[in-house]
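Novice: I'd like to ask you about the structure that follows.
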Amino acid sequence: MSLLALGTMAGISQTHAQTISSVPQQKQVPGYYQYSLGDYQITALLDGTNYLSKALFKNIPEAEVNQILKKYYVDQAKGIQTSVNAFLVNTGKELILVDSGASSCNGPNFGSIYSNLQASGQKPEQVNTILLTHLHPDHVCGISNNGTANFPNATVYVSQAELDFWMNPKTVEKLPKAKQAGFLATVDKIKKAIAPYQAKNQLKTFKVGDKIHNFDVVSSAGHTPGHFGFSLKSQGQEMVFIGDIVHSHTLQFDRPQTAVDFDVDPKQAVETRLKYFAEYAKSGQTVAAPHLPFPGIGHIYSLDNKSYQWIPVHFKD
Ligand SMILES: [Zn+2]
């Protein structure tokens, strides 16, 4: 082979290499999705996606885990993909945010709620109410950024039971030793997130039976002691923002008795999921969920009242 031929081949492979390296890395359009509920507009906002280890899921034999994950084409080397979503409700008079994402509390894959809300055409200072299903960092941290309120004109609502659990200095003493350091680190993140709102008297609590603006509160303790969902109705339609009664559209739908490591009371969390899954499957309830695949809006179906299937909304332009 001549030197010229070698040079030509080198030239070809170089061009080829350039073509490969210019393939763009995976990058999607901003994560927001709009859905109509009667007179209201619901905007699902994506905070980010990540992978959960299958070891986090409890009360399920490993052979069954593998069988279910195979069915869903889960790449087990990566783990089970999970979303973090929040939801913005525009009533025409008010902007209400349900949960707020993780900000920088849960690593670099999360923290896009603030930019996605703006990409959807809304302004953070116009949000006047924030409803928190519970106080885990992936729901509360997004209300603030480094000690400054992201939504300076909003009043934040969380259940009294939830606030008491995390703020009571005695709670940590009741936990197993292995969980204490993690608990205190979480409390620290919660305190930082709510501080700018507390300072301006913009943190309020609710209890069973209360109504916040147009939302009914739905008691669903277990994942955390003061966990609540929120139900919203307009023109005969209803959506329930279910919060963390479920963390996986795979394992916890096929086998809803499967607990997850993040549950404060796994037994109660399973009972709560079984209760609401049965209820929502029967009534055909539209639900919005923070940890089901974005946009996290859809229905819960059951053929046999034992196992379930997630039926997501279909993209509508
Ligand atoms: Zn969560």
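Novice: How many nm is it between the label spots at GLN198 and ASN153, if each spot is 7 Å from the Cα in line with the beta carbon?
Specialist: 2.6
Novice: Would you please classify the overall shape of region 167-300 from the alpha carbon gyration tensor, given that a ≥ b ≥ c denote the square roots of the eigenvalues, rounded means a/c under 1.5, and beyond that prolate means a/b larger than b/c while oblate covers the rest? Intermediate results must be reported in sequence, preceding the final value.
Specialist: Values: a/c = 2.12, a/b = 1.25, b/c = 1.69.
The shape class here is oblate.
Novice: Run through region 211-316 and list the chymotrypsin sites (Phe, Trp or Tyr not before Pro) located in a DSSP loop whose Cβ has at most 13 other Cβ atoms within 10 Å.
Specialist: The qualifying sites are PHE315.
Novice: With N denoting the number of residues in the chain, provide Rg(C-alpha) divided by 2.2 N^0.38 Å, to two decimal places.
Specialist: With N residues counted in the chain, Rg over 2.2 N^0.38 Å equals 1.12.
Novice: Taking the Cα-to-Cβ direction at GLU173 and at ASN214 and moving 7 Å from each Cα, how far apart do the two end points lie in nm?
Specialist: It is 4.6 nm.
Novice: If the only charges are +1 at each Lys and Arg Cβ and -1 at each Asp and Glu Cβ, what is the size of the charge dipole of the chain around the Cα centre, to the nearest 20 debye? Write down the numbers at each step before the final one.
Specialist: On the way: 27 positive and 25 negative charges, 64 e Å.
Here the chain has a charge dipole of around 300 debye.
Novice: Now for a separate question. 5 Å is the cut-off here: which amide hydrogens, built 1.01 Å from N in the peptide plane, fall below it relative to THR133, excluding neighbours closer than 5 in sequence?
Specialist: ASP99
Novice: When DSSP beta bridges are limited to those with both residues in the chain, what percentage is antiparallel, rounded to the nearest 5? Show your work: numbers first, answer last.
Specialist: On the way: 43 of 56 bridges.
DSSP beta bridges in the chain are roughly 75 percent antiparallel.
Novice: While we're here: Quick one: go through region 248-263 and flag any residue whose amide nitrogen is under 15 Å from the point 7 Å out along the Cα-to-Cβ line of SER307.
Specialist: 249-258
Novice: Right, another one. Tell me, rounded to the nearest percent, the portion of alpha carbon pairs in region 54-164 spaced more than 15 Å apart.
Specialist: Details: 4201 of 6105 pairs.
Beyond 15 Å sits 69 percent of the P(r) for region 54-164.
Novice: Okay, helix-only estimate at 222 nm for the chain: each DSSP H run of n ≥ 4 adds -39500 (n - 2.57), divide by all residues, round to 500 deg cm²/dmol; what do you get?
Specialist: Values: 8 runs with 93 residues, N = 317.
Estimated from H runs of four or more residues: -9000 deg cm²/dmol.
Novice: Just list whichever of LYS27/LYS192; LYS54/LYS177; LYS54/LYS174; LYS58/LYS179; LYS179/LYS207 have alpha carbons separated by over 19 Å in the model shown.
Specialist: Numbers: LYS27/LYS192 31 Å; LYS54/LYS177 24 Å; LYS54/LYS174 27 Å; LYS58/LYS179 17 Å; LYS179/LYS207 27 Å.
Beyond 19 Å: LYS27/LYS192; LYS54/LYS177; LYS54/LYS174; LYS179/LYS207.
Novice: Then there's this: Distance between Cα centroids, region 112-157 to region 207-235: provide it in whole Å.
Specialist: Distance between centres, Cα-based: 19 Å.
Novice: If you stretched the chain out fully between GLN160 and HIS314, how much longer would it get, using 0.36 nm times the residue separation minus the C-alpha to C-alpha distance?
Specialist: Full extension from GLN160 to HIS314 adds 51.8 nm.
Novice: Across the chain, where is the longest run that never hits trypsin sites (Lys or Arg not before Pro) in a DSSP loop with at most 16 other C-beta atoms within 10 Å? Kindly include the intermediate steps, with their values, before the conclusion.
Specialist: Working: sites that count: LYS27, LYS78, LYS93, LYS170, LYS200, LYS207, LYS306, LYS316.
Looking at the chain, 208-305 is the longest stretch - no exposed trypsin sites (Lys or Arg not before Pro) with at most 16 other Cβ atoms within 10 Å.
Here, each number is a calculation from the coordinates, and none is a lab measurement. All values reported here derive from a predicted model rather than from experimental measurement. FYI the Cβ positions are ideal-geometry reconstructions off the backbone, even for glycines, and counts take in every protein chain you see.
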